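Below is one structure, written out as structure tokens; the observations come after it.
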């Protein structure tokens, strides 16, 4: 099973490059590639890790470190730091001072911190968090005045193949579990960001990493909420009980995801303003911190 997971991860990374080049053609379909499809390739494998966590987080059980929600932000931050350090994608468009940082990123990061402070919330609140993430990415991909809507060059077949492989990887790791499966998901996320940077430049990699880091925790909480809905439906006898009475506990782990997203936002905003020595120090610090946290989480999983 681990060999299959590694093969699927390699396929996702290989397809990410051609898909990223499709995102350089302009227009709404290309914007969807960078803000939705490529981030989903990073996030979907981690959602598979949410399935075993769902039962533990419902009805008063602890959700543990919530690696499924923290994994995508950590992988995105590590990949973006390496891409910045290596100056991948030279010759393509990089992130400039006049580029707009989507406010959805820090907003979703702040939401994770609020949920972490609460610790335990009604189940439907997790569904609301997922809905907030989906609405924010939908607003980012809405049609704009004067923008081309043609799908020429958007690589629909490549996108479909990449997402199918990502979904298959998520299904595989849901059955395998453990630190090895989590490591495959993390390596795949880092590889996607690096591949995008090399194929389409720093701006494309920044958008991919930022949206993956923001959507990952929100969609992971959504999987936990949907798992609770399934339990309610299966256990229902007579009138369907109100799902708000069921609670998700152990959400303190969301603090890691929230802090990681906010740190990534700081890295993106400050990168074009700092002198080169400062850039190197900050990027190395982000990379070392991300690797250390990932290693700690994986070590905790392997010890279970």
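Summary table below
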| quantity | calculated |
| --- | --- |
| Residue count, the stretch 87-98 (criterion: under 16 Å from residue 210 (Cβ atoms) and either in contact with a strand residue (DSSP E or B) (Cβ under 9 Å, 6 or more places away or on another chain) or surrounded by fewer than 16 Cβ atoms within 10 Å (Cβ to Cβ) (or both)) | 2 |
| Single match in 161, 191, 177, 198 (criterion: surrounded by fewer than 23 Cβ atoms within 10 Å (Cβ to Cβ), at pLDDT below 85 and touching a helix residue (DSSP H, G or I) at 6+ places or on another chain (Cβ under 8 Å)) | 177 |
| When residues of the stretch 241-279 are limited to those that are part of a loop (DSSP other than H, G, I, E, B) and either touching a helix residue (DSSP H, G or I) at 6+ places or on another chain (Cβ under 7 Å) or at pLDDT 75 or above (or both), the one farthest from residue 72 (Cα to Cα) | 241 |
| Counted residues, the stretch 95-110 - those being free of Cβ contacts under 8 Å to residues at least 12 places away in the same chain and either in contact with a helix residue (DSSP H, G or I) (Cβ under 7 Å, 6 or more places away or on another chain) or more than 23 Å from residue 205 (Cα to Cα) (or both) | 0 |
| Cβ-Cβ under 7 Å pairs, at least 6 apart or on other chains, the stretch 73-94 side at positive phi, far side at pLDDT 85 or above and outside any helix (DSSP H, G or I) | 89/201 |
| Every pair of residues 6+ apart whose Cβ atoms lie under 9 Å, when the first sits in the stretch 111-125 and is in contact (Cβ under 8 Å) with a residue 24 or more places away in the chain and at positive phi while the second is surrounded by 17 or more Cβ atoms within 10 Å (Cβ to Cβ) and assigned to a helix (DSSP H, G or I) | 119/251; 119/252 |
| Matching residues in the stretch 115-128 - criterion: being closer than 10 Å to residue 251 by Cβ and either touching a helix residue (DSSP H, G or I) at 6+ places or on another chain (Cβ under 6 Å) or outside any strand (DSSP E or B) (or both) | 115, 116, 117, 118, 119, 120, 125, 126 |
| Complete set of residues in the stretch 112-145 that are crowded, with 19+ Cβ neighbours inside 10 Å and closer than 24 Å to residue 271 by Cβ | 112, 136, 137 |
| Any hit, the stretch 86-96, residues being outside any helix (DSSP H, G or I) and at pLDDT 80 or above | yes |
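For (1) at pLDDT 75 or above; (2) crowded, with 24+ Cβ neighbours inside 10 Å; (3) in a loop (DSSP other than H, G, I, E, B), each residue gets a yes or a no:
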{"residue": "19", "(1), (2), (3)": "yes, yes, no"}
{"residue": "24", "(1), (2), (3)": "no, no, yes"}
{"residue": "31", "(1), (2), (3)": "yes, no, no"}
{"residue": "34", "(1), (2), (3)": "yes, yes, no"}
{"residue": "37", "(1), (2), (3)": "yes, yes, no"}
{"residue": "43", "(1), (2), (3)": "yes, yes, no"}
{"residue": "48", "(1), (2), (3)": "yes, yes, no"}
{"residue": "51", "(1), (2), (3)": "no, no, no"}
{"residue": "54", "(1), (2), (3)": "no, no, no"}
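The values are calculated or read from the model by the stated rules, or taken from the named source; none is laboratory data. As the structure is a prediction and not an experimental result, all values here were calculated from the model. Reconstructed Cβ throughout: ideal geometry from the backbone, glycine too, with neighbour counts over all protein chains shown.
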